[in-house]
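What follows is one structure encoded as structure tokens, with my remarks underneath.
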């Protein structure tokens with residue numbers, strides 16, 4: 001079993017990146033259909049990083065963000081976190097509800113529910129693509145939405161890896177609307193045992 | 001002039017009065033602040049997990065409540081503090097996402113219990129604590145006044 005994520009080879013990392021590509025490509029398409037707008041995605045990043053670097057990816061541990069969290073069970077237990085800034089969450093909710101952009105920065109119940117649903121669809125399509133590709137069964141939990149500091153939303157999820165190591169494997173995708181607008185970050189954080197299942201399914205478990 | 005030092009996740013630091021210590025975005029993690037007013041030495045640890053005992057990877061001692069408290073005391077002693085005079089303030093240990101009732105997600109609660117227990121074993125009195133809830137905290141500990149400032153999003157600011 002891969003005990004230390006730093007033991008992963010270049011081929012294994014590339015295979016994981018490819019999963020991110022396929023998953024996020026499908027998720028971006030779903031998001032585009034939902035918002036009837038063009039959604040692009042960045043080249044996925046696969047990172048093996050110390051815990052406190054993860055929050056840096058979204059701007060720092062005390063930056064207020066919206067997080068949609070899913071526990072994934074089945075063939076490869078994992079965690080999915082979709083994180084976006086509060087302004088982008090408001091924008092995404094308005095796009096989904098067919099409202100003109102208000103440039104507001106507070107989320108009501110309706111907006112929270114819309115963002116949870118967007119998270120649901122994004123993670124669902126991501127997992128479906130991953131499941132098709134690997135022939136694995138992957139079942140997401142219902143979404144849990146939180147609006148709080150990035151570090152606080154992340155640390156409960158990261159703590160689960162603390163018993164095993166000091167590093168975490170993060171598959172990161174950024175979705176963009178237009179040229180510049182970063183809509184959000186999607187993190188797939190497989191549990192250590194699950195990583196072996198994924199690598200085996202991809203045929204690169206050596 | 002007082003400096004403001006950052007304590008990262010699974011990290012600990014000791015300072016002399018009047019320097020301040022800060023750690024940002026505590027969710028289920030806990031910030032443990034210790035102070036010896038006579039020696040004018042303060043310290044902070046940002047722990048992630050309750051115990052190093054069951055962990056398979058326990059090289060980073062600042063990650064766990066038990067070993068972090070031990071190491072912070074040693075660090076503060078080295079700067080002239082006496083373990084007998086130490087007092088504590090703690091904050092954090094929330095549950096950010098409510099999914100089912102799995103024990104794993106209740107890590108914040110387990111952390112808070114473990115910190116209180118470890119400090120009790122070391123004979124360190126807890127002067128104040130702000131733990132639990134479902135929101136994040138950024139904390140700043142003033143080694144001069146002993147005040148612990150807690151910032152939140154949506155739950156205001158307070159000093160304990």
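The values are calculated or read from the model by the stated rules, or taken from the named source; none is laboratory data. None of the values given here were measured: they were computed from a predicted structure. When we count neighbours, we look across all protein chains shown, and the Cβ atoms used for this are built from the backbone with ideal geometry, even at glycine.
The set of residues from the range B:115-160 being without any contact (Cβ under 8 Å) to a residue 40 or more places away in the chain, assigned to a strand (DSSP E or B) and within 14 Å of another protein chain (Cβ to nearest Cβ) comprises B:149, B:151, B:157.
The numbered conditions (1) within 14 Å of chain B (Cβ to nearest Cβ); (2) surrounded by fewer than 21 Cβ atoms within 10 Å (Cβ to Cβ); (3) more than 15 Å from the chain's Cα centre (by Cα) are all true for residue A:152 except (2). Just one of the listed residues (B:45, B:55) is over 25 Å from residue B:98 (Cβ atoms) and at pLDDT 95 or above, namely B:45.
Just so you know, in the range A:47-63 the residues that are touching a helix residue (DSSP H, G or I) at 6+ places or on another chain (Cβ under 6 Å) and surrounded by fewer than 21 Cβ atoms within 10 Å (Cβ to Cβ) include one that is nearest to residue A:107 (Cα to Cα), and it is A:63.
Could you tell me which residue of the range B:47-66 is farthest from the other protein chains (Cβ to nearest Cβ), considering only residues that are closer than 16 Å to residue B:116 by Cβ and outside any loop (DSSP other than H, G, I, E, B)? Of everything passing the filter in the range B:47-66, B:66 is farthest from the other protein chains (Cβ to nearest Cβ). For residue B:84, are the conditions met, namely being without any contact (Cβ under 8 Å) to a residue 40 or more places away in the chain and surrounded by fewer than 21 Cβ atoms within 10 Å (Cβ to Cβ)? Yes; evaluated as a whole, the condition is true for this residue.
With respect to residue A:47, is the statement that it is under 21 Å from residue B:25 (Cβ atoms), more than 14 Å from chain B (Cβ to nearest Cβ), touching a residue at least 60 places away in the same chain (Cβ under 8 Å) and touching a strand residue (DSSP E or B) at 6+ places or on another chain (Cβ under 8 Å) true?
yes
Would you check which residues across the range A:159-173 are more than 7 Å from chain B (Cβ to nearest Cβ) and either crowded, with 24+ Cβ neighbours inside 10 Å or not in a helix (DSSP H, G or I) (or both) and list them?
Once the filter is applied, which keeps residues that are more than 7 Å from chain B (Cβ to nearest Cβ) and either crowded, with 24+ Cβ neighbours inside 10 Å or not in a helix (DSSP H, G or I) (or both), the range A:159-173 yields A:167, A:168, A:169, A:170, A:171, A:172, A:173.
On the given criteria, is residue B:22 modelled with pLDDT of 95 or more, in contact with a strand residue (DSSP E or B) (Cβ under 7 Å, 6 or more places away or on another chain) and within 14 Å of another protein chain (Cβ to nearest Cβ)?
Judged against the criteria, residue B:22 is a match.
Among residues of the range A:1-12 that are farther than 17 Å from residue A:162 by Cβ, those with a Cβ under 6 angstrom from a residue that is modelled with pLDDT of 80 or more and part of a helix (DSSP H, G or I), sequence gap 6+ or separate chain, pair up as A:1/A:196; A:12/A:199.
Please go through the range A:81-133 and give me each residue that is surrounded by fewer than 19 Cβ atoms within 10 Å (Cβ to Cβ) and not in a helix (DSSP H, G or I), ordered by number. Correct list: A:98, A:99, A:100, A:101, A:102, A:103, A:104, A:105, A:106, A:107, A:108.
Filtered by the rule that a residue be in contact with a strand residue (DSSP E or B) (Cβ under 7 Å, 6 or more places away or on another chain) and free of Cβ contacts under 8 Å to residues at least 60 places away in the same chain, the range B:25-54 gives B:43, B:45, B:46, B:52. Considering the conditions (1) within 14 Å of another protein chain (Cβ to nearest Cβ); (2) out of contact with any helix residue (DSSP H, G or I) (no Cβ under 6 Å at 6 or more places or on another chain); (3) under 17 Å from residue A:89 (Cα atoms), residue A:176 is excluded by exactly one of them, (1).
Scanning the range B:10-23 for residues that are crowded, with 20+ Cβ neighbours inside 10 Å and in contact with a helix residue (DSSP H, G or I) (Cβ under 6 Å, 6 or more places away or on another chain) turns up B:10, B:12, B:14. Would you confirm, using the coordinates I've provided, whether residue A:116 is within 28 Å of residue B:139 (Cβ to Cβ), modelled with pLDDT of 85 or more, touching a strand residue (DSSP E or B) at 6+ places or on another chain (Cβ under 6 Å) and within 12 Å of chain B (Cβ to nearest Cβ)? Here the answer is no, as residue A:116 does not meet what is asked.
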